[in-house]
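Below is one structure, written out as structure tokens, with a few remarks after it.
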């Protein structure tokens with residue numbers, strides 16, 4: 001018997017790529033490189049923020065140690081147990097309901113403090129010491145709050161908020177509506193902190209902040225009737241409808257430490 005001859009001829013693989021395949025590959029590569037390059041500015045900004053937060057954390061820890069070493073976590077620096085004692089970059093706060101009259105011991109113990117980061121003077125800090133029970137006495141608990149700023153802070157005057165105890169949403173009521181919007185953007189932006197002038201005062205977090213446009217009249221907005229709102233967490237009101245707060249420009253972070261008064 002004779003073997004059957006093959007009926008098909010094997011083909012050699014094609015060498016190289018067609019022009020269409022090269023163009024498609026170049027298009028995919030261009031899209032990928034453009035996507036990566038678009039992420040670089042955001043990554044750089046995030047890296048800068050992370051660096052600032054890291055340096056702010058170091059400064060907060062150093063500031064806490066300095067407060068302890070300088071004898072600032074002590075009952076004898078208070079003039080009243082129902083008022084917070086502030087020092088550092090918070091000393092410019094309005095005094096009503098916040099600090100009481102300064103004591104000689106407080107002035108002596110803060111006289112040599114620089115309230116700056118030694119290797120970067122742009123970062124500054126301030127502190128607030130609040131008795132937990134409303135009584136400043138040795139052995140009693142208190143809260144030491146360290147506020148870190150990217151620069152020498154601008155401190156607002158007293159900002160009047162209209163709200164109530166049943167909701168964390170408050171409306172800015174001081175000044176004109178346009179001024180309220182500017183105040184909100186400078187001192188009460190979202191994800192920031194403010195001092196509520198309760199008795200004693202306390203730090204609160206601004207979780208969200210926005211401005212509602214005024215009504216449309218004759219095809220244009222009435223800017224004088226804009227309304228600005230903030231959401232406070234936690235709501236510190238136990239009665240009434242008015243909350244007075246103090247805001248800060250350039251606040252980087254806030255760390256709060258439980259301490260025991262000496």
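Rule-based calculations on the coordinates, nothing more; no lab input. Owing to the predicted nature of the structure, the values given are computational and were not obtained by experimental measurement. As a convention, Cβ positions derive from the backbone with ideal geometry for all residues, glycine included, and neighbour counts pool all protein chains shown.
Placing a pseudo-label 7 Å from each Cα along the Cα-to-Cβ vector at residue 76 and residue 45 gives an inter-label distance of 5.2 nm.
Given a Förster distance of 30 angstrom, what is the FRET efficiency for residue 69 paired with residue 133, based on the Cβ-Cβ distance and rounded to 0.05? Walk me through the intermediate numbers first.
On the way: r = 25 Å, r/R0 = 0.83.
Given R0 = 30 Å and the Cβ-Cβ separation, E is 0.75.
This ranking places 35, 228 by how few other beta-carbon atoms lie within 10 Å of each, fewest first, which gives 35, 228.
Between the alpha-carbon centres of region 154-171 and region 39-55 there is a gap of 31 Å. The convex hull defined by the C-alpha atoms of region 129-217 has an orientation-averaged projected area of 8.1 nm².
The largest-to-smallest principal axis extents of the Cα set in region 185-238 are 48, 22, 15 Å.
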